1. Tell me yes or no: at least one residue of the range 38-57 is of a type in the set (Val, Ile, Thr), in contact with a Gly (Cβ under 8 Å, 6 or more places away or on another chain) and without any contact (Cβ under 8 Å) to a residue 60 or more places away in the chain.
2. Here are some residues: SER47, SER27. Which one is within 12 Å of the chain's Cα centre (by Cα) and surrounded by 10 or more Cβ atoms within 10 Å (Cβ to Cβ)?
3. Looking at the range 1-23, which of its residues are assigned to a strand (DSSP E or B) and either at pLDDT below 90 or surrounded by 11 or more Cβ atoms within 10 Å (Cβ to Cβ) (or both)?
4. Applying the selection to the range 43-61, what residues are in contact with a strand residue (DSSP E or B) (Cβ under 8 Å, 6 or more places away or on another chain) and either of a type outside the set (Ser, Thr, Tyr) or not in a strand (DSSP E or B) (or both)?
Amino acid sequence: MAWKFRRRVKVIPGVHLNFSKSGISTSIGVKGASVTLGSSGAYLNTSIPGLGIYNTVVRPG
């Protein structure tokens, strides 16, 4: 099993910096809907909080 690393830091409410082995990304949004921008592209993340239902749309960069 390979080790993974991820760290998330809140900058201001609704904005997070994400640090991982593959690089740094930024997430902007609220609970249930966010956009993540990073070196591998942009992701639109939507979910229904509390139900575990989610969807991610990837736009390669």
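1. Yes, the conditions are met somewhere in the range 38-57.
2. Among SER47, SER27, only SER27 is within 12 Å of the chain's Cα centre (by Cα) and surrounded by 10 or more Cβ atoms within 10 Å (Cβ to Cβ).
3. Selection gives ARG6, ARG8, VAL11, VAL15, HIS16, LEU17, ASN18, PHE19, SER20.
4. Correct list: LEU44, ASN45, ILE48, ILE53, ASN55, VAL57, VAL58, ARG59, PRO60, GLY61.
The values are calculated or read from the model by the stated rules, or taken from the named source; none is laboratory data. This is a predicted model, so every value here is computed, not measured. Glycine gets a Cβ as well: all are built from the backbone with ideal geometry, and neighbour counts include every protein chain shown.
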